[in-house]
Structure formats: structure tokens, C-alpha cells
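Working notes for the structure below.
A short reminder: the numbers here are calculations on the coordinates, not readings from a lab. Predicted, not measured: the structure shown is a model, and the values here were computed from it. We place every Cβ from the backbone using ideal geometry, glycine too, and count neighbours over all the protein chains shown.
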């Protein structure tokens, strides 16, 4: 009697951890800020390249499975997580082009993502602030930098409207939520291959106050408590935890539009980052919701120096149904007894041998959550 042995391929989550190239600020160097909107210092300022182990997060749980997935990175402990979360736009009759339609994103993806965030975080309110479409190779200036500026220039001689379009370029980049990289004449933004955290605590607080009046109005209770403490000469980190101000956080919800073959998103375990690793820098943001010439404001951000303690995670061959949730800031992390994580260093990562793969396409939704 003969027997047949069937050898199955090892599932993706059991593959050996891979290595990827991540870029840090070199020891002793203080980078110069970039003049372009939304951009970190130029690549020439971030030249400490490291080939580091990337820990694969597979298998990816559903939202319902997440709390019981003890071995999976969690928002409270690691500062990020990833879940299997198909949306309406992942199924027929929709396709990858549907993700470039702001109306469809607002109709379907936005409420589905808000519901997901409430389930995962327990927050009461979700305030969407910006969609960012990335669909090009990385460089120091791209559609993310120039779309707001050019749309504003078109507005200075009139209202910037284009009746033939559903929304003008000006409408896309000056409303809330803001749509960056969606102007078909400019193309999408590009991956950022620089280890960074978009907001320091002070940067996050500046963002609430200056990004757009609608965001400021939504955060009125937070700002009232913080401004009262500041007027009394009290440090927010020390005193906000004892105030009656609501907990609030900024999250990035990051989803690929096709299977990721290059320039994957990598995120660091916030428990492996030490205060001395951070390198302060500034990013320029637009002050939206105002008439006339575009105003900008500076946001305090972080780059990083390399440390052997850093531990990096990714989702190998991440699919459109798989979504990252990444913490940018959480006021609860400032409490001594707080359970939330600080913000998370993250970056696109260069995978050796993938240089000829298709350009990564992704949609990022940034939200403020309030408890």
C-alpha cells in the first residue's frame, strides 16, 4: 500500500523575520527643517542607514479577535496594532480607483473606520481630519507639498472653483477632512523613508488649535482645560492628568490599496524607545479654514537616532483588507497610572531586492479621538 505525503507551504506568519533598511539621524547631527508643507527634513539630513530585523505581525486578527490576541501588538502596550478590517470599498462593484474618490471615502470608508476606532479604543467621538493618498516613489518634494500651495495660488484671484469637477483642488485641501494627494493633475504623495513621529506632545496641542477651526471647535473642552492650566502657570504633562479634561489621542489609520511589495510601513515598539533617542525637528502645516493667502504654522515633531534597543514590526505583503492603527499622541500616556502608549516612531522601509516592484499605493486617515 502506497502512501502520499503532502507537504504544505509554511503560512506567511511562520516565515523567518526579514531585514529592511531604516534611516536615522546620525549621532551628533541636528537636521535643518524642510521648507515644504507636511515634510520632514530632506534625505541628506538623515543619513544613518541601518539594516534591521522586521518582526512580522502575522497572523492578523479581526477587530473582535484583537482583545484576546495576547501575542499580537496592541495599542496600549506597543502603541500600534493591525487588524483585518474589510470595508465596503474592498468589494465589488468598487475597485482600487474608488479609493481616489473623496465622495466615496466620506460615504463609506469614513463611517466604517470611525466605528472601528470606537470599538478598538472605547472613545466616544472620532474627528476625522485628513486623508493622505500616496501613490508615487519617494522624494523630498511631491504632491503632498505642492498641492495646497498651488490650490491656494489659484484662489488668490477668485474662489478657486472648477464647476466641471465634483470638488475643486482648493476644496480638497482646505476642508475637513482634508484630502491630500487626490488632485489628479498632481498625483499622490510619496512614502517617507525617515524614522519619525509626526507630533511631539506640544506639537499635538498646537495641531488642535491651528490646523482648522472645525478641529479646534471639536476639541473645545480639551483646549479650555489646557489653557486654564497654562494661565495658572502649570505644566500640562504634570497637571492635565489630574484635571477634568477628557482624554484625547491622534491616530493614523493606514491601509494599502494593493498588496504591498515595496516601501512597506514599519512601526517601532514604543517601549523600546528612550527619551534620548528623539531628535526634535519642525514640520510646516497649513492653517486651514481661513480666507485669503495661505497661512502656515510650525509643528514640533521628532526624528530619531539609532539604538540597539529599537524593535521594529511590519505586516509582510500587507493586503488592502489589513489596516494599521498607529498612535501619534495620547494624553493618557502622560498619566503615571495611564495605560496608553506614547506616540510611535514609524517609517517606510526599503526591502532589499524590491526596487523593481510596483510603487506602493496607500490611503492614510488621520483622526482625533476623544473620550
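Just from its helices, what would the mean residue ellipticity at 222 nm be for the chain, if runs of 4 or more DSSP H residues each count -39500 (n - 2.57) and the sum is divided by every residue, rounded to the nearest 500 deg cm²/dmol?
Estimated from H runs of four or more residues: -5000 deg cm²/dmol.
Give the calculated FRET efficiency between residue 29 and residue 284 to the nearest 0.05, with a Förster radius of 30 Å applied to their Cβ-Cβ distance.
FRET efficiency, residue 29 to residue 284: 0.90.
Out of these labelled values of Rg and Dmax of the Cα atoms in Å, [x] 27.1, 94; [y] 21.1, 63; [z] 20.8, 87, which was calculated from the coordinates shown here?
[z]
Given a cut-off of 22 Å, what percent of all Cα-Cα pairs of the stretch 205-295 lie beyond it?
That tail contains 54 percent of the Cα-Cα pairs.
For the chain, modelled as a Gaussian network with Cα springs under 10 Å, which listed residue fluctuates most, 20, 187, 28?
Highest fluctuation among the options: 28.
Determine which residues of the stretch 91-119 fall in the zone a paramagnetic label at residue 258 would reach in this model, i.e. backbone nitrogen under 11 Å from the point 7 Å along Cα→Cβ.
96-97
Rounded, prolate or oblate: which fits the stretch 278-371 when a ≥ b ≥ c are the square roots of the eigenvalues of the alpha-carbon gyration tensor, with rounded for a/c under 1.5 and prolate only if a/b beats b/c?
oblate
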